[in-house]
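Chemist: Handing you a structure now.
The values are calculated or read from the model by the stated rules, or taken from the named source; none is laboratory data. Keep in mind the model is a prediction, meaning the values are calculated, not measured. Cβ coordinates were reconstructed from backbone atoms using ideal geometry, including for glycine residues, and neighbour counts include every protein chain displayed.
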Amino acid sequence: MSSLDLLSQGFAIALQPHNLFLCFVGVFWGTVVGVLPGLGPLAGLTLLLPLTFKLDANGAIIMLSGIFYGAMYGGSTTSILMRIPGEAASIVTCLDGYAMARQGRAGTALVVAAVGSFIGASVSIVGLMLFAPPLAELMVRIGPVEELALLLLTLMVVSFVSQSRLPKTAAMIFLGFLIASVGLDPVEAVARYTFGLIELTDGINFVAIAIGLFGISEILLTIERIATVQPIRPAFRDLLPRWSDLKASMPAIMRGTGIGFLFGLVPGPSGVLSTFTSYALEKRISGDPDSFGKGRIEGVAGPETANNATTGAAMIPLMVLGIPSIPATALLLSALIIHNVQPGTLMIQQHPEVFWGLIASMYIGNAMLLVLNLPLVGIFVNLLRIPYAYLAVLITVFCVIGVYTLRSTTFDIMVMLAFGAIGYALRKFEYDVAPLLLAVVLGDRIESAFRQSLIVTSGDYWRLATSSFVQAIAGALVLILAVRLVIRALGYRKHDLPPPE
Amino acid sequence: MKVDRRIALAIGAALMLFAPPAAADYPDRPITMIVPFGAGGTTDVIARSLAGALEPALGQKIVVINKDGAAGVIGTTELGRSKADGYTIGMIPVGPLTTQPHLRELAYSVDSFDYICQAYSNPQVLIVTTDSPYKTLKDLIADAKAKPGQIRYGSSGPGTIPHLAMLDFVRKAGIDLTHVPGKGEADAFRSMLGGTVIGFPVHTGFVTANADRVRPLAIMAAQRRSEFPDLPTFKEAGLDVSFDVWGGLVAPKGLPADVRSKLEKACAAAQASAVYREQQTKLKMPPVSSTGAAFAAFVRAEFARNGNIIKDAGLRSKQ
């Protein structure tokens, strides 16, 4: 049977009224958890997973994946309006999105984010549909040595995003690595920096760190100058993006799609990393890097497209091999097991209706999301009319709920509050906390890849360095460094960007 | 402050008046079942299935609570701290019960619990890729003897049952293999497909779900299994390697005798029920029935055996 037949069968499943309804519930709830700071796709999935016990496998997976990709749409809203990321993959959107909102272009930013999200997600579903098996093969060929090289390259690229000076950025990266080393080490399971607390054996919860660093600290900083925070009162005409804005964001959307899709294939927190990489790229190639952080539409369009493009790609290893590459797809895997669909290499063959039903529902769901999100822009923008004193309380409540839901433990709430205080102090001293979070994300994976690589080469660093793939990546690293130094030497970057307030 | 304390005392006294005198009418309110792993995992799916079958047998609601973290230690610690009144029970698997207490300093040990019944038990199978040069366990052992330390195997993590099973196999076969620990089963599978490791032990359901990509070499069980009649055991190769991933219903130590027997009977009835049987078959779980003292003896034997493997391998964390 050809793929087209299978796809039309998939649509026959996805278009059944109850599945259509479940798809809508999923994307709607996804948008909600995406918009609410603190609640991310993971919390959204965890909360609704028990509800799916009574559904069939198709309905469950359609609804749950709807939450996953729906959250990527909603995440940008509070980033743009309040500089508080709705979920971790929208952190970088705060930089230019919020600056645009201050200039009265919040509507434009939101519309471009929604359109970019739609394009990124749609292209990645086509990729999932057409190239899933070969891409999954490619993915498993990435051994620990190659993964290590890729991760180091990513670290180098995303360090461009930092808004503070190099020594401060380096300090944040080292601090992030230190935080990532808390917990059991990945090879010997020796407890490090746990102080005998069993809550710390798995390391410090990444979501709690992210919400603390970006959500809580932002509230503290804003409250400080609450007397001076002027509510933005957007006029209706500001909601409509100008043609020039749309035209400027198109190339960024295209690049964001590619970056997001590629990152989605690699295990790890692809949503976060792809957005930072996309932003770094846009900033590099713009010819005017200094204007970033001051309201460049590309700084919103690229990353917001990228995080949606990761969703389709992240489904590939799950569907083809039964290997979840990120926590959200691991929860989707759980849902499949609950419904007696054993994920694995035989799944598409044994349960074609699940795979094709899901693909069809993703097309439908993304169309729903676009229709849902565009009219919502007007409502969201008007949120800015609410006095900050009320908003701050609401946001804090959602942060606490979101962090608690993940593991049902108050310990994570303490972690979030502690990182709120740390983030506040660091930002007061003009340290950018984004590299810190990235180092936490990457540190964990870099360590396991590094340790595994050394086992594979029997502890031989030279063999590690001479693998052809590593050399190619190392070449790229040297090139990036060289370009950076040359740019610096030529004086193009006389002034570093002002650090975030 | 003082007022608060007085109110608290009063409430406490009032509650004591209403507290049931003995366990005669147990259970008269909903029972909490702690699952020390996340919603949707194997332990959770089986716990919910058993909870559903236990409800009619006990005539009370059972609330399943997931307390995930630290390889099951967080939930198990909480169960150990709970009151031994039969209103808090747990579905605790092999790891937190028999390996974690040997790996690090914990607030509980194997003696902190009363053992009600075993709920599931699934033997480990050593798999390799379908294009692997190893067709039998003998091939692997012979190659390992020719190239000591050069063959790498995977696992779902250091100190997990698959890891211990391989340590036991390596020692009994007198060979030297190198361990590349993964982060969970999926990560180990990726390592195997990519060629970083030759294979790793999995549960039987995994073999069925990935039949086109994995070749089972041998099963770590006393006898061959009816669902894999052609799959030899490690014993047939002269190696006494037997490892199951199992879990069971466990309560804090010191249950009143009548509560304990009620729970044991309810568990036996639940496991015999048609609904539960059907669910277990769908989950590809072979039926088990071991209650009370028999289950406790089994847990202690596993505890001692795994403790020795961990000690020999020097895996205990030096905190």
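Chemist: Residues that are more than 19 Å from residue B:47 (Cβ to Cβ), touching a residue at least 12 places away in the same chain (Cβ under 8 Å), away from chain A (no Cβ under 14 Å) and of a type in the set (S, T, N, Q): does region B:102-122 have at least one?
Modeler: yes
Chemist: A further question follows. Might you check whether a residue that is within 14 Å of chain B (Cβ to nearest Cβ) and over 30 Å from residue B:75 (Cα atoms) occurs anywhere in region A:421-428?
Modeler: no
Chemist: Let me ask something additional. In the list B:260, B:305, which residue meets the criterion of being buried (at least 16 other Cβ atoms within 10 Å of the Cβ) and closer than 29 Å to residue B:106 by Cα?
Modeler: It is B:260.
Chemist: Regarding region A:137-145, can at least one residue be identified that is closer than 30 Å to residue B:189 by Cα, in a loop (DSSP other than H, G, I, E, B) and among the basic types (Lys, Arg)? Write out each step before concluding.
Modeler: Filtering region A:137-145 down to residues closer than 30 Å to residue B:189 by Cα leaves A:137-145.
Keeping just the survivors that are in a loop (DSSP other than H, G, I, E, B) gives A:141-143.
Remaining after also requiring among the basic types (Lys, Arg): A:141.
Yes, the conditions are met somewhere in region A:137-145.
Chemist: Helices (runs of 4 or more DSSP H) wholly in region B:254-319 with at least 1 residues that are among the hydroxyl-bearing types (Ser, Thr, Tyr) - which ones?
Modeler: B:257-272, B:274-282
Chemist: Which ones in region B:62-84 are of a type outside the set (Gly, Ala, Ser) and either assigned to a strand (DSSP E or B) or more than 7 Å from chain A (Cβ to nearest Cβ) (or both)?
Modeler: Scanning region B:62-84 gives B:62, B:63, B:64, B:65, B:66, B:76, B:78, B:79, B:81, B:83.
Chemist: Which one of the conditions (1) within 30 Å of residue A:316 (Cα to Cα); (2) of a type in the set (D, E, K, R); (3) surrounded by fewer than 21 Cβ atoms within 10 Å (Cβ to Cβ) does residue B:190 fail to meet, given that it meets all the rest?
Modeler: (3)
Chemist: Hey, does region A:173-190 have a residue that's among the acidic types (Asp, Glu), in a helix (DSSP H, G or I) and either buried (at least 21 other Cβ atoms within 10 Å of the Cβ) or within 14 Å of another protein chain (Cβ to nearest Cβ) (or both)? Steps first, answer last, please.
Modeler: Narrowing region A:173-190 to residues among the acidic types (Asp, Glu): A:185, A:188.
Going one step further and asking which of them are in a helix (DSSP H, G or I), we end up with none.
No, because not a single residue in region A:173-190 is among the acidic types (Asp, Glu), in a helix (DSSP H, G or I) and either buried (at least 21 other Cβ atoms within 10 Å of the Cβ) or within 14 Å of another protein chain (Cβ to nearest Cβ) (or both).
Chemist: Can you say whether residue B:206 is over 21 Å from residue B:47 (Cβ atoms), among the aromatic types (Phe, Trp, Tyr), within 14 Å of another protein chain (Cβ to nearest Cβ) and crowded, with 18+ Cβ neighbours inside 10 Å, as far as the supplied structure shows?
Modeler: No, not satisfied.
This table checks each residue for (1) at positive phi; (2) of a type in the set (A, V, I, L, M).
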| site | (1), (2) |
| --- | --- |
| A:140 | no, yes |
| A:151 | no, yes |
| A:165 | no, no |
| A:168 | no, no |
| A:178 | no, yes |
| A:182 | no, yes |
| A:199 | no, no |
| A:203 | yes, no |
| A:213 | no, yes |
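Chemist: Here's another thing I want to ask about it. Among the candidates B:251, B:218, which residue alone is more than 30 Å from residue B:82 (Cβ to Cβ) and touching a strand residue (DSSP E or B) at 6+ places or on another chain (Cβ under 7 Å)?
Modeler: Values: B:251 fails: more than 30 Å from residue B:82 (Cβ to Cβ).
Unique residue meeting the criteria: B:218.
Chemist: So residue A:415 passes all but one of these: (1) within 14 Å of chain B (Cβ to nearest Cβ); (2) aliphatic (A, V, I, L, M); (3) more than 29 Å from residue A:160 (Cβ to Cβ). Which condition number does it fail?
Modeler: That leaves (3) as the condition not met.
Chemist: Before we move on, is residue A:211 closer than 30 Å to residue A:82 by Cα, surrounded by 23 or more Cβ atoms within 10 Å (Cβ to Cβ) and not charged (D, E, K, R)? Break it down into steps so the answer makes sense when it comes.
Modeler: Working: closer than 30 Å to residue A:82 by Cα: yes; surrounded by 23 or more Cβ atoms within 10 Å (Cβ to Cβ): yes; not charged (D, E, K, R): yes.
Considered against the rule, which asks whether it is closer than 30 Å to residue A:82 by Cα, surrounded by 23 or more Cβ atoms within 10 Å (Cβ to Cβ) and not charged (D, E, K, R), residue A:211 comes out as yes.
Chemist: Go through the residues of region A:318-335 one by one and say whether even a single one is more than 11 Å from every other protein chain (Cβ to nearest Cβ) and more than 20 Å from the chain's Cα centre (by Cα).
Modeler: yes
Chemist: From the list B:255, B:231, which one is outside the structural domain of residue B:169 (by TED's automatic domain parsing), over 22 Å from residue B:156 (Cα atoms), at pLDDT 90 or above and of a type outside the set (D, E, K, R)?
Modeler: B:255
Chemist: Another question, then. Which one of the conditions (1) among the hydroxyl-bearing types (Ser, Thr, Tyr); (2) over 14 Å from the mean Cα position of the chain (by Cα); (3) crowded, with 24+ Cβ neighbours inside 10 Å does residue A:122 fail to meet, given that it meets all the rest?
Modeler: For residue A:122, the failing item is (3).
Chemist: Being in a helix (DSSP H, G or I) and farther than 18 Å from residue A:400 by Cα is true for just one of A:25, A:33. Which residue is that?
Modeler: Sole residue among the options that is in a helix (DSSP H, G or I) and farther than 18 Å from residue A:400 by Cα: A:25.
Chemist: Filter region B:40-61 down to the residues that are on the phi < 0 side of the Ramachandran plot and within 14 Å of another protein chain (Cβ to nearest Cβ) and list them by number.
Modeler: Of region B:40-61, the ones on the phi < 0 side of the Ramachandran plot are B:41-58, B:60-61.
Those that are on the phi < 0 side of the Ramachandran plot and within 14 Å of another protein chain (Cβ to nearest Cβ): B:41, B:42, B:43, B:44, B:45, B:46, B:47, B:48, B:49, B:51, B:52.
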